[in-house]
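Reading through the structure tokens given below for one structure.
The values are calculated or read from the model by the stated rules, or taken from the named source; none is laboratory data. The model shown is predicted, which means the values in this text are computed figures rather than measured ones. All Cβ positions, even for glycine, are placed from backbone atoms using ideal geometry, and neighbour counts span all protein chains on display.
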């Protein structure tokens, strides 16, 4: 890394105004020119942000929340939360990253030294996310491997792990044959073809028609008489996870070899996608941000040709307006925004830090938010079209087709890339001398996360994965998001922030500025605070399927969440002690440090993480 020039002249601590764009100095420590790297073009950055629209939040959680929270009515609180929480936090993080050219650790250390620990909180949260997200990715790779075989073993009930209640749609179709419309019709039950009549008689009922039994007073749907589990669901829990009789506290088992290999493959792929930093990531996003849309479109086209697909879509879009009065629905919408937008995790700050200083990140924030919202709806349509078909073929209500959980869909790899890039960028920002060893830092990060994830490949690993998911990407990210927006709009100051935006050559109308003022200073922090109050007054025990964790497990989960917030408490306490000892003042710690400033001076890129000897 070449050092073209050193700035050694001391100046006063700047108020963040238009003059800061022309200064050639910093205080306390000097800065140096650096080639930190940029995106190849603006499209690469947008695609990297769009990756979060294709992550776990939109692909799995959004459809689930829709049918649990009023169907189409859920779109109302979700859109409201996008405008009040998602978009404001998204733009705020882009501004911080693009203006400073720094990751979250250095950015928050410089923007307000009193809250130095916030950046570390963001990084710790991302470490937990990267670990358990790659576990989900390992499931994806295992499915891809199995799908290469001529016969898809998750489509039938002839495997050793299948239970007597296993249901295979393909085998059911064979059983029905020509006799589908009468009581003697056969269905697939207990691994063989049985007539509806014989099933009803076995339960002391009479056959009513090809879908129901009769108890003497009214018809009972066959799905209410017998219990059936999808073959694909049993494949996931019994073959992929190897769950068996494993519990959280017993029969934990050993790492599943196939999951260990898939996990290793996932981290190797992540390394080769990111070992050159933003340069290599900028190329991979062309695939990761577009291919999932091709897959979703192909799935939708196929699903629309299947019987029941329309019913599934109508179920998704049918609003239950009475549920809008539920605080839980609005809380779900708020939490979904964090899942979908990737805010408060840190990757957005890092991704924006590689932007050109004059990039219009305001346009990017609005456009990506719109894409994100549309993607959530599009994915919901795809998932519900498929669930509608399964509901029709199984003759059960749509909500009974499969249990909710992490096994519903698996398009999460793009999001995992963003997490790893954030961790490595934060490391080299904190220890700049490691920037020359980017490849080793990336390798060390991937290896460390791989080792940390190994317990989750055990038979009982799903319990640990769920516990971490429930408690390290839930209430703590609301606290982080609340702190971010308060620091930016109240501590640092709204007008200072907008001055920085003008320095980056973005033109924003007065009406739009009024919107940003109202959300950043009032609506966003108040909404986040209200959601936090709701979360802590409506705590629920962690569950996996029907298994409920013992009470002490949730305490362990909250401890995981508290670990991510420990740096904030530590550094804030340390700074307050320094004030008490007279080493500094409260006002000085609230003000931006001398190192805070634009990532460019006179068109030249600056590294504000470096110290030089004067």
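For residue 157, the conditions (1) crowded, with 22+ Cβ neighbours inside 10 Å; (2) over 29 Å from residue 174 (Cα atoms) are fulfilled apart from (2).
Listed here are the residues, each with its yes/no results for (1) part of a loop (DSSP other than H, G, I, E, B); (2) in the same structural domain as residue 425 (by TED's automatic domain parsing).
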| site | (1), (2) |
| --- | --- |
| 223 | no, no |
| 238 | no, no |
| 244 | yes, no |
| 253 | yes, yes |
| 260 | no, yes |
| 263 | no, yes |
| 268 | no, yes |
| 279 | no, yes |
| 282 | no, yes |
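Annotation: residue 477 fulfils all but one of (1) surrounded by 14 or more Cβ atoms within 10 Å (Cβ to Cβ); (2) closer than 22 Å to residue 92 by Cβ; (3) more than 20 Å from the chain's Cα centre (by Cα); the unmet one is (3).
Residue-level check: of (1) modelled with pLDDT under 85; (2) surrounded by fewer than 22 Cβ atoms within 10 Å (Cβ to Cβ), residue 505 misses just (1).
Here is a yes/no grid of residues against (1) surrounded by 22 or more Cβ atoms within 10 Å (Cβ to Cβ); (2) within 23 Å of residue 46 (Cα to Cα); (3) in the same structural domain as residue 426 (by TED's automatic domain parsing); (4) touching a helix residue (DSSP H, G or I) at 6+ places or on another chain (Cβ under 9 Å):
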{"residue": "65", "(1), (2), (3), (4)": "yes, no, yes, yes"}
{"residue": "68", "(1), (2), (3), (4)": "no, no, yes, yes"}
{"residue": "71", "(1), (2), (3), (4)": "no, no, yes, yes"}
{"residue": "93", "(1), (2), (3), (4)": "yes, yes, yes, yes"}
{"residue": "104", "(1), (2), (3), (4)": "yes, yes, yes, yes"}
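Restricting attention to the range 176-194, the residues that are modelled with pLDDT under 85 and surrounded by 14 or more Cβ atoms within 10 Å (Cβ to Cβ) total 6.
Can you find a residue in the range 211-218 that is within 30 Å of residue 39 (Cα to Cα) and assigned to a loop (DSSP other than H, G, I, E, B)? Checked against the condition, which is being within 30 Å of residue 39 (Cα to Cα) and assigned to a loop (DSSP other than H, G, I, E, B), the range 211-218 yields no hits at all. Within the option set 529, 586, being within 23 Å of the chain's Cα centre (by Cα) and surrounded by fewer than 17 Cβ atoms within 10 Å (Cβ to Cβ) holds for one residue only, 529.
Residues in the range 288-299 that are within 19 Å of the chain's Cα centre (by Cα) and part of a helix (DSSP H, G or I): 288, 291, 292, 293, 296.
Just name the residue that is nearest to the chain's Cα centre (by Cα) out of those in the range 428-438 that are surrounded by fewer than 15 Cβ atoms within 10 Å (Cβ to Cβ) and part of a helix (DSSP H, G or I). Break it down stepwise before answering.
Let us first name the residues in the range 428-438 that are surrounded by fewer than 15 Cβ atoms within 10 Å (Cβ to Cβ), namely 431, 433, 436-437.
Okay, now just the ones that are also part of a helix (DSSP H, G or I), so 433, 436-437.
Working: 433: 31, 436: 30, 437: 29 Å.
Result: 437.
Just one residue in the set 313, 349 is assigned to a helix (DSSP H, G or I), in the same structural domain as residue 92 (by TED's automatic domain parsing), surrounded by 23 or more Cβ atoms within 10 Å (Cβ to Cβ) and in contact with a helix residue (DSSP H, G or I) (Cβ under 6 Å, 6 or more places away or on another chain); that residue is 349. Between 564, 457, 524, the distinction of being touching a helix residue (DSSP H, G or I) at 6+ places or on another chain (Cβ under 6 Å) and in the same structural domain as residue 333 (by TED's automatic domain parsing) belongs to 457 only.
For the criterion of being more than 15 Å from residue 194 (Cα to Cα), without any contact (Cβ under 8 Å) to a residue 60 or more places away in the chain and over 28 Å from the mean Cα position of the chain (by Cα), residue 215 passes. The condition of being in the same structural domain as residue 295 (by TED's automatic domain parsing), on the phi < 0 side of the Ramachandran plot and part of a loop (DSSP other than H, G, I, E, B) holds for only one of 338, 357, that being 357.
Within the range 137-158, the set of residues being under 28 Å from the mean Cα position of the chain (by Cα) and assigned to a loop (DSSP other than H, G, I, E, B) comprises 147 only.
Given the options 255, 319, name the one that is in contact with a strand residue (DSSP E or B) (Cβ under 8 Å, 6 or more places away or on another chain) and at pLDDT 90 or above. The match here is 255.
Within the set 168, 100, the sole residue that is surrounded by 21 or more Cβ atoms within 10 Å (Cβ to Cβ) and in contact with a strand residue (DSSP E or B) (Cβ under 8 Å, 6 or more places away or on another chain) turns out to be 168.
Mind checking which residues of the range 46-76 are modelled with pLDDT of 80 or more and in contact with a strand residue (DSSP E or B) (Cβ under 7 Å, 6 or more places away or on another chain)? Within the range 46-76, 72, 73 qualify.
When the range 528-548 is examined, which residues are found to be touching a helix residue (DSSP H, G or I) at 6+ places or on another chain (Cβ under 7 Å) and under 16 Å from residue 466 (Cβ atoms)? Of everything in the range 528-548, those that are touching a helix residue (DSSP H, G or I) at 6+ places or on another chain (Cβ under 7 Å) and under 16 Å from residue 466 (Cβ atoms) turn out to be 541, 542, 544. Between 273, 280, the distinction of being free of Cβ contacts under 8 Å to residues at least 12 places away in the same chain, under 30 Å from residue 442 (Cβ atoms) and either surrounded by 16 or more Cβ atoms within 10 Å (Cβ to Cβ) or in contact with a strand residue (DSSP E or B) (Cβ under 7 Å, 6 or more places away or on another chain) (or both) belongs to 280 only. Against the conditions (1) closer than 20 Å to residue 84 by Cβ; (2) assigned to a helix (DSSP H, G or I), residue 552 satisfies every one except (1). Kindly check whether there is at least one residue in the range 536-548 that is free of Cβ contacts under 8 Å to residues at least 40 places away in the same chain, touching a strand residue (DSSP E or B) at 6+ places or on another chain (Cβ under 9 Å), exposed (fewer than 14 other Cβ atoms within 10 Å of the Cβ) and farther than 30 Å from residue 361 by Cα. Checking the range 536-548: at least one residue is free of Cβ contacts under 8 Å to residues at least 40 places away in the same chain, touching a strand residue (DSSP E or B) at 6+ places or on another chain (Cβ under 9 Å), exposed (fewer than 14 other Cβ atoms within 10 Å of the Cβ) and farther than 30 Å from residue 361 by Cα. Beta carbons closer than 6 Å, at least 6 apart along the sequence or on distinct chains, pair a first residue in the range 139-151 that is modelled with pLDDT under 85 with a second that is not in a helix (DSSP H, G or I) for 140/410.
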